[in-house]
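The values are calculated or read from the model by the stated rules, or taken from the named source; none is laboratory data. Here the structure is a predicted model, which means the values were calculated and not measured. Methodologically, a virtual Cβ is constructed for each residue, glycine included, from the backbone with ideal geometry; neighbour enumeration extends over all protein chains shown. Quick note on the areas: whole protein, heavy atoms, side chains included, nothing else; ligands and nucleic acids left out. Shrake-Rupley method; radii C 1.70, N 1.55, O 1.52, S 1.80 Å.
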Amino acid sequence: MSASHFDDLEIRSADERAAAQAARLKEILAGITDAPEDWRADAAAVGGPEDLPKLPVLRKSDLSGWQKARPPFGGIAVRNATHVFQSPGPIYEPGGSSADWFRMGRFLHAAGLGAGDIVQNCFGYHLTPAGHMFESGARAVGAMVLPAGVGQTELQVTAARDVGTTAYAGTPDYLKIILEKADEMGVALGITKAVVGGGALFPSLRQYYIDRGISCLQCYATADLGNIAYESVAMEGMIVDEGVIVEIVTPGTGDPVPAGEVGEVVVTSLNPDYPLIRFATGDLSAVMPGASPCGRTNMRIKGWMGRADQTTKIKGMFVRPEQVAALVAQHDEIRKARVVASRTGEQDVMTVHIESAGGDPEAYAQSVANLLKLKGKVVIVDPDTLPKDGLVIEDQRSYD
């Protein structure tokens, strides 16, 4: 194993990874004994990650309902938990203190953090898990942590100077605020590394940090799942973490998209302490071909590309991605559909673009009225004509 890698799992072959994930997945599924009988029957037929589409997608709304009925974790068998966190909803998530429970160490190692670093952790420690997630990662790589939390920027600057902070952890933009406050105070800081998440890292902001001698890498993580994917020094997409299985599916469904197309990120956690199976993040991304130049061999995704929940109100009625999926399923010859909302003469207009080699336009129009609960113009287009951007509902109306 190269010292540039956290462990051998990052550089194993695709066959080795698939076999190990299949074994772990079957073990986790077999341990879920309180699920409905039909779900357990489908789970028994899952031989590996490729069979996961046989199981339904789990959404935050489902989890919220479960938790209201069976607090705090909705009846999911949780083990080895030392914390309980709260996210907006509210949704409650367990956390553990052992063995880098949130799997953040892999990301921090890829960003060059290790023994000798002092990490100023500016993620919140109150109710939400982000502060604990990054602290567990710092422990995993042997770094010291300054649990700074959020706000009090002058104190942040003073503490960073006094303790000799070398690395920042937090949202992408807050480091810039700290650096500008340090400039204002005439204080020189020794921060040379930044690991960020929880917001967009715009190229201009990354360049600002580079110009100040700070390398800045980002991860993609959620409160429910921990780390999902992360950047390495190669900065070519995000490498999927070894502790999860990632699928890219058509929004509103559990159906995988063709390789390279944009879709919703669905994640299965291989953490036996909190098994989330096919958990829909609501985020859009796409798989990148090939492996990272840094030598890590797992699948890469393009990072965060927007939200999958494209629910849009047209003529006073909500149109949802799952309704569009039902339209596609209604007719065997339809390959894909896209609803476009626009305005003409101060009135909403709904146009439904349907990819099909043929078919009956009147039958499609009737299905649109029945399933979307609105009448709209139907436009039939040739297969492979619609954009491959993950959108099934496009709102072209201007809100300026």
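Within the range 86-104, restricting attention to residues that are of a type in the set (A, V, I, L, M, F, W, C) and in a loop (DSSP other than H, G, I, E, B), the residue that is farthest from the chain's Cα centre (by Cα) is Ala99.
The set of residues in the range 351-393 that are in a strand (DSSP E or B), open to solvent by less than 50 Å² (accessible area, probe 1.4 Å) and without any contact (Cβ under 8 Å) to a residue 40 or more places away in the chain comprises Thr351, Val352, His353, Ile354, Glu355, Ser356, Val378, Val379, Val381. When residues in the range 355-378 are screened for being within 33 Å of the chain's Cα centre (by Cα) and over 14 Å from Gln323 (Cα atoms), 2 of them pass. For Val267, the conditions (1) closer than 21 Å to Gly306 by Cβ; (2) modelled with pLDDT of 95 or more; (3) crowded, with 21+ Cβ neighbours inside 10 Å; (4) more than 13 Å from the chain's Cα centre (by Cα) all hold with the exception of (4).
Among the criteria (1) crowded, with 19+ Cβ neighbours inside 10 Å; (2) closer than 21 Å to Val244 by Cβ, the one Thr128 does not fulfil is (1). Listed by first and then second residue, the pairs linking a residue in the range 307-325 that is without any contact (Cβ under 8 Å) to a residue 12 or more places away in the chain to a residue that is among the polar types (S, T, N, Q) and part of a strand (DSSP E or B), with Cβ atoms under 8 Å apart and 6 or more places separating them unless they lie on different chains, are Phe318/Thr312. Gly114 meets all of the listed conditions (1) in contact with a strand residue (DSSP E or B) (Cβ under 9 Å, 6 or more places away or on another chain); (2) open to solvent by less than 20 Å² (accessible area, probe 1.4 Å) but one, namely (1).
Table: residues versus (1) modelled with pLDDT under 90; (2) out of contact with any Ser or Thr (no Cβ under 7 Å at 6 or more places or on another chain); (3) crowded, with 19+ Cβ neighbours inside 10 Å.
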| residue | (1), (2), (3) |
| --- | --- |
| Ala234 | no, no, no |
| Ile248 | no, no, yes |
| Pro256 | no, yes, no |
| Gly263 | no, no, yes |
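Going residue by residue through the range 73-88, is there one that turns out to be modelled with pLDDT of 90 or more, over 24 Å from Ala221 (Cβ atoms) and surrounded by fewer than 16 Cβ atoms within 10 Å (Cβ to Cβ)? Scanning the range 73-88, I find at least one residue that is modelled with pLDDT of 90 or more, over 24 Å from Ala221 (Cβ atoms) and surrounded by fewer than 16 Cβ atoms within 10 Å (Cβ to Cβ), so the answer is yes. In the range 340-350, the residue that is farthest from Leu372 (Cα to Cα) out of those that are open to solvent by 20 Å² or more (accessible area, probe 1.4 Å) and part of a strand (DSSP E or B) is Thr344.
Per-residue answers, yes or no, for (1) within 19 Å of Phe107 (Cα to Cα); (2) surrounded by fewer than 16 Cβ atoms within 10 Å (Cβ to Cβ):
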{"position": "Leu146", "(1), (2)": "yes, no"}
{"position": "Leu155", "(1), (2)": "no, yes"}
{"position": "Arg161", "(1), (2)": "no, yes"}
{"position": "Thr166", "(1), (2)": "yes, no"}
{"position": "Leu175", "(1), (2)": "yes, no"}
{"position": "Leu179", "(1), (2)": "no, no"}
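Name the single residue that is modelled with the highest pLDDT among those in the range 270-295 being among the β-branched types (Val, Ile, Thr) and surrounded by fewer than 22 Cβ atoms within 10 Å (Cβ to Cβ). Selected residue: Val287. Residues of the range 11-60 that are within 17 Å of Glu242 (Cβ to Cβ), in a loop (DSSP other than H, G, I, E, B) and either of a type in the set (Lys, Arg) or out of contact with any helix residue (DSSP H, G or I) (no Cβ under 7 Å at 6 or more places or on another chain) (or both): Arg12, Ser13.
Residue selection: Ala337 satisfies the criterion of being out of contact with any Phe, Trp or Tyr (no Cβ under 7 Å at 6 or more places or on another chain), aliphatic (A, V, I, L, M), buried (at least 16 other Cβ atoms within 10 Å of the Cβ) and under 29 Å from Ser285 (Cβ atoms).
Cβ-Cβ contacts under 7 Å between residues 6 or more apart (or on different chains), taken from a first residue in the range 203-226 that is on the phi > 0 side of the Ramachandran plot to a second residue that is open to solvent by 60 Å² or more (accessible area, probe 1.4 Å), are listed as Gly213/Thr192.
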